[in-house]
1. List the pairs from LYS457/LYS513; LYS254/LYS290; LYS485/LYS555; LYS489/LYS555; LYS431/LYS628; LYS24/LYS628 whose alpha-carbon separation is above 29 Å, in the order I gave them.
2. Over the chain, one equal point on each Cα, no solvent: what is log10 I(q)/I(0) by the Debye formula at q = 0.07, 0.08, 0.10 Å⁻¹?
3. Contour minus end-to-end for ASP312 and LYS485, with contour as 0.36 nm per residue of separation and end-to-end as the Cα-Cα distance?
4. Which one of HIS209, PRO196, SER227 has its Cα pushed farthest toward the positive end of the charge dipole of segment 172-235, where Lys and Arg give +1 and Asp and Glu give -1 at the Cβ?
5. Over segment 350-463, what is the relative contact order in whole percent, taking alpha-carbon pairs under 8 Å and six or more residues apart?
6. In a shell of Cβ-Cβ distance under 13 Å around LEU565, excluding LEU565 itself, what net charge do Lys and Arg (+1) and Asp and Glu (-1) give?
7. Cα atoms only: what Rg and Dmax, in Å, come out for segment 149-280?
8. For segment 431-567, with every protein chain kept in place, what is the accessible area per residue (1.4 Å probe, Å²)?
Amino acid sequence: MKKLGFILVALMVMLASCGDSILKRVVTGEPILPVRETGDTTVVYLTDYLPSVDLQKISSVRVTDGYDSLVVTTDSLTLYGSAAQVGVLTVGDGSCEVDIAILPKLPVVQGLTTAGIADGRLQLTADTALVPLRFRCFVQNRLLPETVVEGGEDGAYAIDLASLPKQQGRSYLRVFACNDTVQLNDLLIPLENGVPVVDVSQLTRHDAHAQVLYSVLIDRFNNGNTSNDAPLNRADVDPRADYKGGDLKGITDKIADGFFDSLGVNTLWISPITQNPTDAWGQYHNPDTKFSGYHGYWPIYNTKIDDRMGTDAELRELLATAHQHQMNVILDYVANHMHINSPTLKAHPDWITDSILPDGRRNFELWDEQRLTTWFDKHIPTLDLEREDICEAMTDTALYWIENYDFDGYRHDACKHIPLNYWRMFTHKMKSRFPDRPLWMIGETYGSSELIASYVKTGMLNAQFDFNVYQTAIEVLGKQGESMKRVAKAIDEALANYGAHHTMGNISGNHDKTRFISLAGGAVDWDEDGKAAGWNRNIGVTADGNAERETVAFKKALLLEVLNLCIPGVPCIYQGDEYGQCGGNDPDNRRMMRFSGLSDNEQWLLKQTEQLVHQRRSSMPLLYGDYKLLYVSDDVLAFSRTYMGKSVIVALNNGPASVHLDLCGPQCDIEPYGFTIF
């Protein structure tokens, strides 16, 4: 194997020489997510890592440390072989170069952390069993000299802070390390003017790791303007599937009255606001009912605000009010399909995928078998986004909302049903047209970690919801006889697949899931159809009103919030979960939000959740700390988050008996279904 080397040039000298290079903005821009080896042959699409760059102007591509590179096309290369070293992919245009980390396909262990700052040096500590280590350090997207890391005796390393480039504003020091057999967790240290950030007061709403999301289903949240109420009031539409009156003005009112400030969240994910049909569609049996488009996922027009949601002025007021309260707003956007009566589809009937497969079967709800072509229902045809002309038109349409409104990003619906070329094109356009806007995007994909991760790249999505951690967590916390070892394993897998400092979404629930508290309390059985249960029973927390069982269910709901708010990632609360809203699945999980009249248990959970959110947002270790598993048994999970030598220890007890953990003295006496954070 031929090893391709490169000449390392000091970062500040290179920045000065970049001039008007097309790569200059990339060098100091957002950190590029690393390339991950997929095997002996790894194909790298440069657009996935350099989405805003005109690749026709790239003059050099090279790799280091054990790889051969072969340029296949103008936008991709292939890495042959694998290495027991963090490699570097360097891309240049003749006057400037960008460096991207290549992570080897080695087992990942959590064994490296920041130990603080002493004598002008950032102290690093590694498990002694793992040394000696080989390091690759980057500030933003430039590789630092290997000599930047000193030491190594007894697992103690140091980085001279004076050697770091003093980029103005926010930048990041990233540290990758491995030995011959394992890769260690990466380190992420936010910098302000080249100096490590050590206090949360230095963070802003644009620091993605400091986000706490809140999911708002607009029609079911708060009715702020009754003049736009327009329920269908049809005999063939059950009232539970009709409009309830929530709107944009209702969200603005709750921002203004301090609801979100009290809860502590700083990013709102609002459901789709595009115009939906004014009549009823779909069909459910037992009971027989059609549905209104109250949820927003059946777009008729992709660039028009639904009349029942509000007006242009009301949307602008919502965004301005949110930003005054230092909150982001991300928009839920539907790219996969449009309603069958959309004027766009009537004008372009060939823009949809075939609803009949070659073997004669109907191509409906074949989520995995035909994931890029299947229709979600008869009235919402899937767009054929593999066609470049359709992809061009629909990505431009999607960008309308940030071209014309001050949104802070997107939540993208049904990502796995949309081809990768759409995400590459969309992100390229977004970052090219709005290079100075800090736009953050999170997607929805149900599937394997590999499938989910395939969309999480600098040139596609920043993050996705981690449904694998969610599903494991709710089963272990909510069922009988499940082990917390499953949760520990799911967290480890997430850190290995997405990085130790990912921004994947850790959810309490969503509008497609049975409410967790009703599963934990036994009102809905784990093996039954949650939709049918919600339609045909009055779902509460428990099936029999047992007070003790209900109290335990609320404690388990709090444990889920503790987990989401303390592990790496971005926590996301589905509206009502903060107080334990009960319910089956759709539409019973979409009951109208309640702001008063809460029970004692609901008030308790709300208060506890508020305290947890504020605790997270005031703690650098919980935002940027390195995760380490301390103890796990069938009932107990304990871990630490450490940043700059300061640690937060979190321990959860999902068992019916009190436990004591020796790792933290009397503070680790944990009551049944309780926790400790200190």
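1. Details: LYS457/LYS513 27 Å; LYS254/LYS290 31 Å; LYS485/LYS555 20 Å; LYS489/LYS555 23 Å; LYS431/LYS628 35 Å; LYS24/LYS628 37 Å.
Check vs 29 Å cut-off fails for LYS254/LYS290; LYS431/LYS628; LYS24/LYS628.
2. -0.47, -0.63, -0.99
3. Extra length from ASP312 to LYS485 when fully extended: 57.3 nm.
4. SER227
5. Numbers: 136 pairs, mean separation 24.2, N = 114.
Computed value for segment 350-463: 21 percent relative contact order.
6. Details: positive: ARG616, ARG617, ARG641; negative: GLU561, ASP577, GLU578, GLU610.
Overall, the nearby charge balance is -1.
7. Answer for segment 149-280, Rg first and Dmax second: 24.6, 77 Å.
8. On the way: 4620 Å² over 137 residues.
With the other protein chains kept in place, segment 431-567 gives 34 Å² per residue.
The values are calculated or read from the model by the stated rules, or taken from the named source; none is laboratory data. Just so you know, these numbers come straight off a predicted model, no measurement behind them. All Cβ positions, glycine included, derive from the backbone under ideal geometry; neighbour counts span all protein chains shown. The accessibility values were calculated without ligands, DNA or RNA, using every heavy atom of the protein model including side chains. Shrake-Rupley method; radii C 1.70, N 1.55, O 1.52, S 1.80 Å.
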